[in-house]
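Visitor: For reference, the structure I am asking about is given below.
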Amino acid sequence: MNYDTLIRNAHVIDGSNAPGYGADVALRGGRIECIGDLSGSRAAHEIDAAGRVLAPGFIDVHTHDDTVVIRQPQMLPKLSQGVTTVIVGNCGISASPVTLRNEPPDPMNLLGNKAAFSYPRFADYRTAVQAARPALNVAALIGHTALRSNHMDDLQRTATAAEIEAMRLQLRESLEAGALGLSTGLAYASAFNADTDEVLQLAAELTAFGALYTTHLRSEFEPVLEAMDEAFLIGRTARVPVIISHLKCAGAGNWGRSPHLLAALEQAAKAHPVGCDCYPYAASSSTLDLKQVTDAFRITITWSTPHPQMGGRDLQDIAAQWGVSLMAAAQRLQPAGAVYYGMDESDVRSILAHPLSMIGSDGLPDDPFPHPRLWGAFPRVLGHFSRDVGLFPLHTAVHKMTGLSASRFGLQGRGEIREGHWADLVLFDAQTVRDVADFNAPQQAAEGIDGVWVNGVLSYQQGGATGQRAGVFLPR
Ligand code: ZN
Ligand code: CU
């Protein structure tokens, strides 16, 4: 029997949350063909994986990689972590379907300027991704704020019946063309004034497709439990699964409340499929939001259109240099991006460790001085939180970034090492794997990632991309 690739003597952690086992794994035609003792077999490419872990390629369920998968299809920040699939279109912002009259509203500008939005229909975006041949697989959500910006002249109000009808039609067309579901970003000013009924009506389109609803909650601060209730109501009414994006207790007044949030999540899960994603850091990042400007914790600036040289500096320093208040400095810097050190480490750990949570990076690929989650989220969970802190066993860490994620998002034939599944794989050294990117030097590849296969094609090895780009678009 001749295979394309044979990975020998691996410690296989299969993504199902079961402990690992020793095996050889053979690939052919882009799929995992055989798992077992294959010492009598040969392949064109043979790898001795003794002492290494072979896991399913990681699925980054929370990204803003919509346009970067087309502009920079090598996708090194993600591929170098062992990520083989990204889900784009989170937090209410998606690259399609979008028709802009002016520059994109905040936070759609996280995906680029007006020129980056050239996909009036979801089908156009899908075609563009396929033409770009990214190095990893791409699946996509439709952003509520993107739909609002297409049909509303003023985002500071709820939509009219006619506007909702127009949004529903675009959402339906997108779902027919393979979108996974709908995302909202209700905390942002561009969607905050949308009432629950507006979202309920849009979510009603999801039911017939078996699609899902993901949400950057209306608040991650004190009213976070009420915001979770709103999300669960929307999911229950539309009879669709709900994923709470980057679940957290934001703001000093909210620290220590993670047990309440997790109890609410568990309660909802009894009646209905719900879950959450989270990134393994106690600092968040987004556009610079005046409502979040505070002296209760550190804020650093990641970019600023009028003052690009301030990227990487503390808001406090900038305000001192200019001799103005924090708020006045923030206003001068806008439009801008920021890192907020606004979470408590013990909340981050309890959310990360919860069985309903998945790993999503929420990385911002266009930031010149990005939050380190862009390059480090997955190895940080494997190395820092699983191995060094002992928050959960390695097979549970892997499950939270593979099997659980694939089943939540309906990515069939991925997320587990099983015969017949697509050969999205990562080989790593469990003793040395670690995130190198940090808040001071955020653009660095992880250590300990030895090989990454996408659809059976070796795409990353020994610290560098192979130049092969074998990702595909994954329709629902
Ligand atoms: Zn978000
Ligand atoms: Cu996000």
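Visitor: Which of LEU54, LEU382 has the fewest other C-beta atoms within 10 Å, and how do the rest follow up to the most?
Guide: LEU54, LEU382
Visitor: Let me ask another. Starting from the amide H of VAL274, placed 1.01 Å from N in the peptide plane, find each other amide H under 5 Å away whose residue is 5 or more places distant or on another chain.
Guide: Under 5 Å from the amide H of VAL274: VAL242.
Visitor: So what is the relative contact order for segment 285-338, in percent, with contacts set as C-alpha pairs under 8 Å and at least six apart?
Guide: 48 percent
Visitor: Another question about this same structure. Which whole-angstrom value gives the distance between the alpha carbon centres of segment 253-309 and segment 152-215?
Guide: Taking the Cα centre of each part, segment 253-309 and segment 152-215 sit 22 Å apart.
Visitor: Take VAL242, VAL436 and order them by how many other Cβ atoms sit within 10 Å, fewest up front.
Guide: Starting with the residue having the fewest Cβ neighbours, the order is VAL436, VAL242.
Visitor: What does the charge dipole of segment 42-164 about its Cα centre add up to, to the nearest 20 debye, if the Cβ of each Lys and Arg holds +1 and the Cβ of each Asp and Glu holds -1?
Guide: Dipole magnitude for segment 42-164 comes out near 240 debye.
Visitor: So, counting K/R as plus one and D/E as minus one, what does the shell of residues with Cβ under 11 Å around GLY456 add up to?
Guide: -1
Visitor: Oh, and also: Could I have the simple spin-label model distance between HIS384 and GLN443, label points 7 Å from Cα toward Cβ, reported in nm to one decimal?
Guide: Each label point lies 7 Å from its Cα, and together they span 2.0 nm.
Visitor: Under a 5 Å amide H to amide H cut-off, with H placed in plane at 1.01 Å, what residues pair with VAL339 once short-range neighbours are removed?
Guide: Correct list: THR300, ILE301, THR302.
Visitor: Skipping prolines and chain starts, which residues have an amide H placed within reach, meaning under 5 Å, of the one on GLN444, given they are 5 or more residues away or on another chain?
Guide: ALA437
Visitor: Oh, and also: So how far, in whole Å, is the C-alpha centre of segment 393-464 from the one of segment 102-137?
Guide: Result: 25 Å between the Cα centres.
Visitor: I would also like to ask the following. Mind listing the phi-derived Karplus ³J(HN,Hα) values for segment 36-41, rounded to whole Hz, using 6.51, -1.76 and 1.60 with θ = phi - 60°, and x for any glycine or proline?
Guide: 3J(HN,Hα) across segment 36-41, in whole Hz: x, 8, 10, 5, x, 9.
Visitor: Right, next: With 30 Å as the limit, write out which pairs from LYS78/LYS270; LYS291/LYS400; LYS114/LYS291 have Cα-Cα distances beyond it, or answer none. Write out the running numbers ahead of the final one.
Guide: On the way: LYS78/LYS270 34 Å; LYS291/LYS400 32 Å; LYS114/LYS291 25 Å.
Checking Cα-Cα distances, LYS78/LYS270; LYS291/LYS400 exceed 30 Å.
Visitor: Pairs of alpha-carbon atoms within less than 8 angstrom and 6+ residues apart define the contacts here; what relative contact order does the chain have, in percent?
Guide: 21 percent
Visitor: Oh, and also: So for segment 136-256, averaging the separation of alpha carbon pairs under 8 Å that are six or more residues apart and normalising by length, what relative contact order in percent results?
Guide: Contact order relative to length: 24 percent.
Visitor: Please identify the DSSP H helices in the chain that span no less than 18 Å along the helix axis (Cα) and have a mean Kyte-Doolittle hydropathy of 0.0 or more. Working shown, then result.
Guide: Working: long enough: 161-176 (22 Å, -0.26); 224-238 (21 Å, 0.69); 258-271 (21 Å, 0.28).
Those that pass (Cα extent of 18 Å or more, hydropathy at least 0.0) are 224-238, 258-271.
Each reported figure results from applying straightforward, stated rules to the coordinates on display, with no laboratory input. Just so we're clear, the structure is a prediction, and the values are computed from it rather than from any experiment. Because the Cβ atoms are built from the backbone with ideal geometry, glycine has one as well, and the counts that use them run over all protein chains shown.
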